[in-house]
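The values are calculated or read from the model by the stated rules, or taken from the named source; none is laboratory data. Only a predicted model underlies this, so the values are computations on that prediction, with no experimental measurement involved. So basically every Cβ, Gly included, is an ideal-geometry build from the backbone, and we count neighbours across all protein chains shown. For accessibility, only protein heavy atoms count, side chains too; no ligands or nucleic acids. Shrake-Rupley method; radii C 1.70, N 1.55, O 1.52, S 1.80 Å.
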Amino acid sequence: MFGYEFMREAFIASTFIAITAGIVGVFVVSRNMSFLSHTLSEIGFAGASFGILIGISPLAGMILFTLISSIAVGSLSTESSRREASISAISSLFIGLGILFLSLSSESSSYATNILFGSIVGISSTEVHQLMILAIFVIVVLFICYKPLAFDSFDHIGAQASGLNTRMLSVVFLITLALSVSIGAQIVGSLLVFVLLTLPGATARYLVHSVPKLLMVSVGLSLAGVWLGLYLAFVTNWPVTFFISAFEVIAYFIGLSYKNWKLSH
Amino acid sequence: MIEAKNLTKKFGKQVVFKDVNFKIDDGEFVSIVGRNGAGKSTLVKILMGLEKKTSGEIEMDHQGRIGYVPQFRNIDLDYPLNIEQFMRLNLKFTLNPQKRRKNNENVQAILKQTNLLDLKDRPLGLASGGEKQKAYLAQALVGRPQVLILDESTASLDVDVKVQLMDLVQKLNQEHGLTVLFITHDSDLTKRYTKRALLFEDHSVESIGVDEISEDMFE
Ligand SMILES: Nc1ncnc2c1ncn2[C@@H]1O[C@H](COP(=O)(O)OP(=O)(O)O)[C@@H](O)[C@H]1O
Ligand SMILES: [Mg+2]
């Protein structure tokens, strides 16, 4: 399959996306932000359609929208129940906006399907480079913040008590999350990017018990899903997103059963 | 030494405490008592820099090195880290092999001190209430604090577990000169482990001997 230029490009891009999503996912799950990452992906859809409408790239539109909204969320009240309600209200609005932008723009509907459901064809090497640079940026930022971010994500109260600037950490993390949603959506689509951003991280929690191991297992599951998905999509011509979601969901339930089995032994 | 001079805290118009004065010596083991909402936790948060004082002064010799053990933490059954890894969250990042070795030795010493050596691989989510409190204490100790603050840490524990935990804290106080601020609603424990208490009452703070403590101070 590597005989084809577009498959090589897709493979490189997905590898970077999978590593980023695997790392970010560990923090998404431990910070209870699965719901937010779902919403951000819907906002990303609106951003991509907006990009198409005004003639910038869908990726740029997505980054614009997700960055603005993640920073807005960061400054919202910390009362979580109210936050969830306002987030879900906002996300419905953005789905509607996305559909409006698309219908206003002259692009064909296949464009919309690509944004929503992802696609491995039609990624240019310029786009691959953009994705790689963004992914590396996210990974470097997370590496620099690793210790304090891990402390805050796995024990918010302890992190506060030890004098860490948890506000700042939260903003930095939301920015990396927004970027991850935007780049992940290029392959998996904005409808299911949260699969890559939450399931590998959630599965890892059933298997291992330290932060470095959680990161390794999550990245491993994310890579395995993406590679297998690409291969099967190439062979069968079925959508890559289907295979990735199926793999991650199955892995999740295997992880859950393993944990329950271990608890009863 | 920790010293408050005319310390005042208000939330909007609500006065929590006003013109409070007290001193806590280094190495002292002091109880902090008073009914719910009297401002005990607020004082702690001001000490830790999590909340701003409204006016007055609060001085501390040793900048920052506070170990804080609150009653509640967001640890559910699915919490993935084991006890040792939970403690290690409080370590600073370093690639220096010598510092890493020192960190490891420190963690092992604290595990031993807190009787957690056999439990270090247990996921914290599956630990009992007493084991969790010990793990919180152990994590605080990893930061090498000079002041330890227990904010109702013993509240939901069985009596013998309470005593175990407090014996441990007492040992830390006696052997390592750790200053301990013990916030509690348990007058038996205050009498058993401390000589003096700061009583939060009517928006002010008074230093009293532990034998003056009565149950109605908590209601
Ligand atoms: N962030 C806050 N905003 C407004 N009021 C607060 C805040 N934190 C505490 N309070 C109020 O301050 C008072 C003291 O609370 P607290 O220090 O938690 O009491 P204690 O720990 O003695 O039970 C209570 O009336 C509480 O409602
Ligand atoms: Mg309190």
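Cα centroid distance between the range A:1-70 and the range B:161-219, in Å? So the separation of the two Cα centres works out to 53 Å.
List, by residue number, every residue in the range A:159-192 with a reduction of 10 Å² or greater in accessible area between the chain on its own and the complete protein assembly, 1.4 Å probe. Going by heavy-atom accessible area, the residues of the range A:159-192 that drop by at least 10 Å² are A:Q160, A:A161, A:S162.
So how strong a dipole does chain B carry about its Cα centre when Lys and Arg Cβ are +1 and Asp and Glu Cβ are -1, to the nearest 20 debye?
Values: 31 positive and 32 negative charges, 239 e Å.
With Lys and Arg at +1 and Asp and Glu at -1, about 1140 debye.
Association of chains B and A removes close to 1800 square angstrom of accessible area from solvent, both sides included, for a probe radius of 1.4 Å.
The Cα center of the range A:118-141 and the Cα center of the range B:57-98 differ in position by 37 Å.
Let me make sure I get this right: for the range A:144-265, a, b and c are the square roots of the gyration tensor eigenvalues over alpha carbons, sorted descending. Under 1.5 in a/c it's rounded, otherwise prolate if a/b > b/c, else oblate. Which is it?
Details: a/c = 3.01, a/b = 1.40, b/c = 2.14.
Oblate, since a/c reaches 1.5 and b/c is not below a/b.
Taking A:H156, A:H265 and ordering them by how much accessible surface each has at a 1.4 Å probe, largest first, produces A:H265, A:H156. When a 1.4 Å probe is rolled over the protein heavy atoms, the share of accessible surface on the range A:2-53 that falls to carbon and sulfur comes to 66 percent.
Report, in deg cm²/dmol and to the nearest 500, the calculated mean residue ellipticity at 222 nm for the protein assembly as shown, where each DSSP H run with n ≥ 4 adds -39500 (n - 2.57) and the sum is divided by the residue count.
Working: 18 runs with 293 residues, N = 484.
After summing the helix terms and dividing by residue count, I get -20000 deg cm²/dmol.
Per residue, the accessible area of chain A comes to 44 Å², computed with a 1.4 Å probe over protein heavy atoms only. Evaluated with a Cβ-only charge set (Lys, Arg +1; Asp, Glu -1), chain A carries a dipole of roughly 660 debye about its Cα centre, given to the nearest 20. Scanning residues 5 or more positions from B:I149 or on other chains, those with amide H under 5 Å from its amide H are B:G67, B:Y68, B:V69, B:L181, with H placed 1.01 Å from N in the peptide plane. Applying the Karplus relation 6.51 cos²θ - 1.76 cosθ + 1.60 with θ = phi - 60° to the range A:94-105 yields 3J(HN,Hα) values of 6, 4, x, 4, x, 5, 4, 4, 5, 6, 6, 7 Hz, where x marks Gly and Pro. Solvent-accessible surface, computed for protein heavy atoms with a probe of 1.4 Å, shrinks by 40 Å² or more for the following residues of the range A:196-218 when the other protein chains are added to the isolated chain: A:R205, A:H209.
How fast does the range B:14-123 diffuse by Stokes-Einstein, in µm²/s, taking the Kirkwood radius from C-alpha pairs at 25 °C and 0.890 mPa s?
140
Here, the protein assembly as shown has an Rg and a Dmax of 26.3, 85 Å when only alpha carbons are counted. Classify the range A:165-210 as rounded, prolate or oblate from the Cα gyration tensor: take a ≥ b ≥ c as the square roots of its eigenvalues, call it rounded if a/c is under 1.5, otherwise prolate when a/b beats b/c and oblate if not. It comes out oblate by the Cα gyration axes.
Just to be sure I follow: if Rg is taken over the C-alpha atoms of the range A:99-167 and Rh is the Kirkwood radius over the same atoms, what is Rg/Rh?
Working: Rg = 19.7 Å, Rh = 15.8 Å.
Rg/Rh for the range A:99-167 comes to 1.25.
Of all lysines in the structure, the ones whose alpha carbon falls short of 22 Å from that of B:K18, not counting any fewer than 8 places away in one chain, are B:K5, B:K9, B:K10, B:K40, B:K45, B:K52, B:K53. Take the Cα radius of gyration of chain A and divide it by 2.2 N^0.38 Å, N being the number of residues; the result is 0.99. Candidates B:P70, B:M48, B:L116 compared by Cα position along the dipole of the range B:1-149: farthest toward the positive end lies B:M48, with charges placed on Cβ.
In the range B:26-122, what percent of the accessible surface is made up of carbon and sulfur (1.4 Å probe, ligands and nucleic acids excluded)? Present the calculation step by step, with values, prior to reporting the outcome.
Values: 2370 of 5290 Å².
On the range B:26-122, the fraction of accessible area on carbon and sulfur atoms equals 45 percent.
Write down the accessible area per residue of the range B:37-122 in Å², having rolled a 1.4 Å probe over the full set of protein chains.
Details: 4890 Å² over 86 residues.
Value for the range B:37-122: 57 Å² per residue.
The contact residues of the range B:37-60, meaning those that lose at least 10 Å² of 1.4 Å-probe accessible area when all protein chains sit together rather than their chain alone, are B:M48, B:L50.
Identify the residues of the range A:43-70 with backbone N under 19 Å of a label point that sits 7 angstrom from the Cα of A:I144 along the Cα-to-Cβ direction, or state none. Answer for this model: A:67. With Cα atoms as the point set, the radius of gyration and Dmax of chain B evaluate to 17.8, 55 Å. With all protein chains in place and ligands, DNA and RNA left out, the 1.4 Å accessible area ranks A:K147, B:K171, B:K92 as B:K92, B:K171, A:K147, largest first.
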